[in-house]
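Working notes for the structure below.
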Amino acid sequence: MTLPLDSLPTWILGSAATRSHQVLHKRLAEAGVTGYEYRCLTSLAATDHVSQTQLGAAASLDPRDVTHTVRTLEARGLVSRDRDPSHGRRLMVSLTATGRRTAEGLAPVMAAVQEEVFGRLGTEERSTLLRLLKRVG
């Protein structure tokens with residue numbers, strides 16, 4: 001006997017994750033950034049001047065994805081890169097003024113995503129869900 005899909009927590013969680021992912025990427029695209037770009041810009045906004053390796057760790061990105069994303073952001077004038085004077089091979093990354101404004105402008109986009117995805121839940125329900133997802137994750 002098979003179980004109905006809507007009785008399987010893994011199925012429900014997967015469906016919710018898919019919907020959340022779709023909403024997130026649609027809203028980020030409307031704001032002119034990708035998910036990787038958002039992660040890098042937000043991580044850089046929390047720091048000042050970090051190596052690409054540190055940025056990758058903060059943004060939870062693979063080194064190759066960081067390199068590609070940082071190059072794209074640099075071409076758009078959102079970040080600048082320079083060599084670390086104490087380590088000639090290390091590239092340091094920082095937000096430009098335009099990049100900082102872009103990162104700040106993404107905060108309301110993310111708030112709208114949270115509301116679109118979780119708007120049917122009350123404050124206490126959201127807190128409970130977040131606590132439970134952290135335990136599962």
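The values are calculated or read from the model by the stated rules, or taken from the named source; none is laboratory data. Please read these numbers as outputs of a predicted model, since none were measured by experiment. Here the Cβ is made from the backbone with ideal geometry for all residues, glycine too, and neighbour counts use every protein chain on show. Heads up: the accessible areas ignore ligands, DNA and RNA and are worked out on the full protein's heavy atoms, side chains in. Shrake-Rupley method; radii C 1.70, N 1.55, O 1.52, S 1.80 Å.
Things to note:
- Once the Cα-Cα distance is subtracted from the 0.36 nm per residue extended length, the SER86 to PHE118 segment shows a gain of 6.9 nm.
- Accessible surface of the chain [probe 1.4 Å, protein heavy atoms]: carbon and sulfur percent: 57
- Whole-number percent relative contact order across the chain, with pairs defined as alpha carbons under 8 Å at least 6 apart: 23
- Sequence-separation-based contact order of segment 71-118, relative, with Cα cut under 8 Å and 6+ spacing, percent: 28
- For the pair THR128 and GLU30, the difference between a 0.36 nm per residue extended length and the Cα-Cα distance amounts to 32.3 nm.
- Protein heavy-atom accessible surface, 1.4 Å probe, per residue over the chain: 67 Å².
- Packing-based order for 88-99, 62-73, using average beta carbon neighbours within 10 Å, highest first: 62-73, 88-99
- For segment 72-84, 3J(HN,Hα) per residue [Karplus equation, 6.51 cos²θ - 1.76 cosθ + 1.60, θ = phi - 60°, Hz, x = Gly/Pro]: 5, 5, 5, 4, 8, x, 9, 9, 10, 10, 8, 6, 6
- Three-way shape call for segment 91-135 based on the alpha-carbon gyration tensor, with the a/c threshold at 1.5: oblate
- Spacing of the modelled spin labels on GLU74 and THR2, each 7 Å from Cα toward Cβ, amounts to 5.1 nm.
- Here the Karplus relation 6.51 cos²θ - 1.76 cosθ + 1.60, evaluated at θ = phi - 60°, turns the backbone of segment 54-68 into coupling constants of 5, 4, x, 5, 5, 8, 6, 10, 5, x, 5, 5, 5, 4, 5 Hz, with x for every Gly and Pro.
- Highest-MSF residue in the chain out of ALA17, ALA112, ALA31 [GNM, Cα springs under 10 Å]: ALA17
- For the chain: rounded, prolate or oblate by the Cα gyration tensor [a/c cutoff 1.5]: prolate
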